[in-house]
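The values are calculated or read from the model by the stated rules, or taken from the named source; none is laboratory data. On a predicted model such as this, the values are computed, not experimentally measured, just so you know. Quick reminder, even Gly has a Cβ in these numbers, built from the backbone with ideal geometry, and neighbours come from all protein chains shown. Note: accessible area is taken over every heavy atom of the protein model, side chains too, but ligands, DNA and RNA are not part of it. Shrake-Rupley method; radii C 1.70, N 1.55, O 1.52, S 1.80 Å.
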Amino acid sequence: MGKLFGSSGVRGLANVDLTPILACKIASAVAIHAKAKKAVVARDTRVSGCMIEDALVSGLISTGIDVLLLGMVPTPVLAYVAKALGADVGFMLTASHNPPQYNGIKVFNADLSYTDDDQNAVEEIVAKGNFALADWRKLGKASSVDARQIYIGMVQQAVSLKKQWKVVVDPGCGAAFSIAPQILQALGCKVTALNAQPDGHFPARKSEPTSESLQDLAKIVKILGADIGIAFDGDADRVAFVDENGGYVNFDRSLAAYGALALKRHGGGIVVTNVEASMCMETMAEKYGGKVVRTRVGDIYISEAIKQNGAVFGGEPCGAWVHPQLHLCPDGPLSAALFLAALEEEDRSVSEFIGEVPEYITLRENISCRNEQKYMLVEQIGNILKAAFPTYTDYSTVDGARLALKNGWLLVRASGTEPLIRLTVEGESSQVAKDITQKATALIHKQIEEQ
């Protein structure tokens with residue numbers, strides 16, 4: 001059978017595929033796998049959320065599990081509260097930053113989303129239909145919990161602001177519609193909220209917070225003379241920033257800037273990111289005696305590596321930041337609060353704080369390659385690239401083939417969904433990036449022709 005979960009634990013298929021029956025089966029299978037007694041369930045604002053939730057909760061109750069319903073809250077709220085309340089398993093109904101017709105199920109073991117092994121085990125139970133229903137006298141019960149206050153209390157303990165920051169916040173009609181403005185106000189910020197009503201059609205902008213989708217936020221920050229603009233994706237596990245001039249803040253640079261501060265606070269240590277992140281991570285980490293560990297793309301791999309390496313911080317260049325001192329789920333609202341605290345600590349504006357991070361040039365190419373050929377090509381291309389770039393400084397196959405050079409890097413990966421090879425290149429200058437891209441593209445085309 002096909003994958004029930006994506007790389008970050010979300011079943012990334014359209015609603016017509018994620019049926020209530022399938023949701024019920026997944027819930028029952030997870031209950032068996034986790035040997036669970038207590039579960040928490042939450043959803044984002046998507047139209048199909050209530051339908052999927054009803055089916056999933058029915059599946060859990062039928063196996064004898066007691067269910068705590070958190071309602072419409074962000075993914076990190078679900079993850080933190082699952083851990084705080086000692087739940088055996090947590091279910092978040094979301095498709096994260098994807099379009100409104102999509103929905104999915106993200107499963108948590110405390111505050112850590114399910115690993116590949118966990119997901120495979122659940123899929124096997126669903127495929128075999130090995131469900132264990134409880135006797136009618138031992139069915140589970142469902143009750144509601146005010147998760148917002150538990151989570152807001154955690155943020156208020158972690159963050160204290162002295163300045164009254166002028167903030168424009170844009171939840172994008174997603175799960176942070178209420179809790180993000182509440183948190184910022186509780187921290188003493190003067191808050192102007194946009195798109196702060198729950199609407200699973202995402203009518204105001206795309207769920208993913210990009211420079212294109214946040215143009216209205218950027219304009220309003222500039223018009224109001226605000227200190228910062230803050231935006232979230234559909235389930236608020238990602239955060240994006242706009243500086244005081246209305247400029248969109250590059251994800252790589254904000255990640256590197258905050259990571260550097262985390263290392264500075266700890267006198268060094270490890271920060272974690274994925275293979276696609278900019279080399280400005282290493283540039284900034286080296287300033288404070290830190291080391292960068294790179295993983296496969298996907299927030300579960302970031303969280304696992306943070307836990308394994310005792311890292312002080314980690315994240316992906318999409319706004320998904322993990323703060324291990326508090327919990328292991330990428331957390332948009334918490335990251336926003338901690339980012340404001342970082343600005344206060346360094347006595348910097350957003351543009352000044354980000355301005356300390358070098359900006360390199362990134363180029364991307366998609367190269368057509370048959371599905372039956374693409375994975376073999378990626379396996380073979382490593383030695384070819386090393387021969388073509390003999391002065392390389394590091395080589396990794398953690399996710400594709402990644403070659404670090406003195407003045408840049410390149411990454412060759414097979415697309416997981418299309419008949420494509422994806423080439424990502426970064427260089428210290430535009431010319432360097434173009435030269436690396438041209439050379440690598442020629443090598444990939446040649447390898448495709450020879451296979």
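Assorted remarks:
- Members of segment 124-171 found to be within 30 Å of residue 227 (Cβ to Cβ), open to solvent by less than 40 Å² (accessible area, probe 1.4 Å) and not in a loop (DSSP other than H, G, I, E, B), listed by number: 147, 151, 152, 153, 154, 155, 167, 168, 169, 170
- Test for residue 197: is it open to solvent by 40 Å² or more (accessible area, probe 1.4 Å), in a helix (DSSP H, G or I) and under 20 Å from residue 240 (Cα atoms): no
- Of the strands (runs of 3 or more DSSP E) lying entirely inside segment 210-320, those containing at least 1 residues that are farther than 29 Å from residue 48 by Cβ and basic (Lys, Arg) are 290-295.
- Residue within segment 331-348 that is free of Cβ contacts under 8 Å to residues at least 24 places away in the same chain, open to solvent by 10 Å² or more (accessible area, probe 1.4 Å), in a strand (DSSP E or B) and more than 20 Å from residue 117 (Cβ to Cβ) present: no
- Residue 322 vs. criteria open to solvent by 10 Å² or more (accessible area, probe 1.4 Å), among the aliphatic types (A, V, I, L, M) and over 30 Å from residue 225 (Cβ atoms): no
- Test result for residue 168, out of contact with any Lys or Arg (no Cβ under 6 Å at 6 or more places or on another chain) and over 14 Å from residue 244 (Cα atoms): no
- The residues in segment 414-446 that are open to solvent by 50 Å² or more (accessible area, probe 1.4 Å) and either touching a helix residue (DSSP H, G or I) at 6+ places or on another chain (Cβ under 7 Å) or without any contact (Cβ under 8 Å) to a residue 60 or more places away in the chain (or both) can be counted, and the count is 10.
- Looking across segment 208-236, just one residue is open to solvent by 10 Å² or more (accessible area, probe 1.4 Å), within 20 Å of residue 99 (Cα to Cα) and touching a residue at least 60 places away in the same chain (Cβ under 8 Å), and that is 208.
- Filter result for residue 188 (in a loop (DSSP other than H, G, I, E, B), modelled with pLDDT of 95 or more and either open to solvent by less than 10 Å² (accessible area, probe 1.4 Å) or not polar (S, T, N, Q) (or both)): yes
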